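The values are calculated or read from the model by the stated rules, or taken from the named source; none is laboratory data. Keep in mind it's a predicted model, so treat the numbers as computed, not measured. Because the Cβ atoms are built from the backbone with ideal geometry, glycine has one as well, and the counts that use them run over all protein chains shown.
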Amino acid sequence: MIYFNTEDTKLPKIQKRKITQWIKSVAEKHHYKVGDISYIFCSDEVILRVNREYLQHDYFTDIITFDYTEGDLISGDLFISLDTVKTNAEKFGTPYEEELHRVIIHGILHLCGIDDKGPGEREVMEQNENDALELLKEILK
């Protein structure tokens, strides 16, 4: 089950059913099934607190993914700062909705075992994000 929650912000305008279908399709492409996924859309203040408390990082970020995956069943809590998503959309010159979708799927890709910190991993993550965004375009038609 996929849940969409908020903390210190309003829920973004997303098509929940289609986004859920998309997430399940992307997980299946990577040979996973969707368990319990909880999105927590929040402010920069909330994500900074979570980053400090649980990861001992003292900086803002767009997403923090807590991975509870077991076997081929992905589960996790995904905190997304809508403030940082907006800032990044402006910085990269991309529409807000596209940046939000990229971040939403970025967390799912992490749950599917794709990393982005090591050599060459960022490019693999970006390719998977781009492939997923193309799939979303088809779903949203």
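Annotations for the structure displayed:
- Candidate set from region 65-82 (those that are under 14 Å from the mean Cα position of the chain (by Cα) and acidic (Asp, Glu)); member that is nearest to Asp8 (Cα to Cα): Asp77
For every residue, the table says whether it meets (1) among the small types (Gly, Ala, Ser); (2) under 25 Å from Glu134 (Cβ atoms).
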{"position": "Asn51", "(1), (2)": "no, no"}
{"position": "Gln56", "(1), (2)": "no, no"}
{"position": "Thr69", "(1), (2)": "no, yes"}
{"position": "Ser75", "(1), (2)": "yes, no"}
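- Selection count, region 10-56, where residues are within 21 Å of Glu138 (Cα to Cα), among the aliphatic types (A, V, I, L, M) and surrounded by fewer than 17 Cβ atoms within 10 Å (Cβ to Cβ): 1
- When the criteria are applied in full, Ile63 meets the requirement of being closer than 20 Å to Leu82 by Cα and either of a type in the set (Gly, Ala, Ser) or in contact with a His (Cβ under 7 Å, 6 or more places away or on another chain) (or both).
- Of note, Ser81 satisfies the criterion of being crowded, with 18+ Cβ neighbours inside 10 Å and either polar (S, T, N, Q) or farther than 29 Å from Lys141 by Cβ (or both).
- Matching residues, region 105-135, being at pLDDT 95 or above, part of a loop (DSSP other than H, G, I, E, B) and not β-branched (Val, Ile, Thr): Cys112, Gly113
- Residues of region 93-132 classified as among the hydrophobic types (A, V, I, L, M, F, W, C) and surrounded by fewer than 15 Cβ atoms within 10 Å (Cβ to Cβ), total: 1
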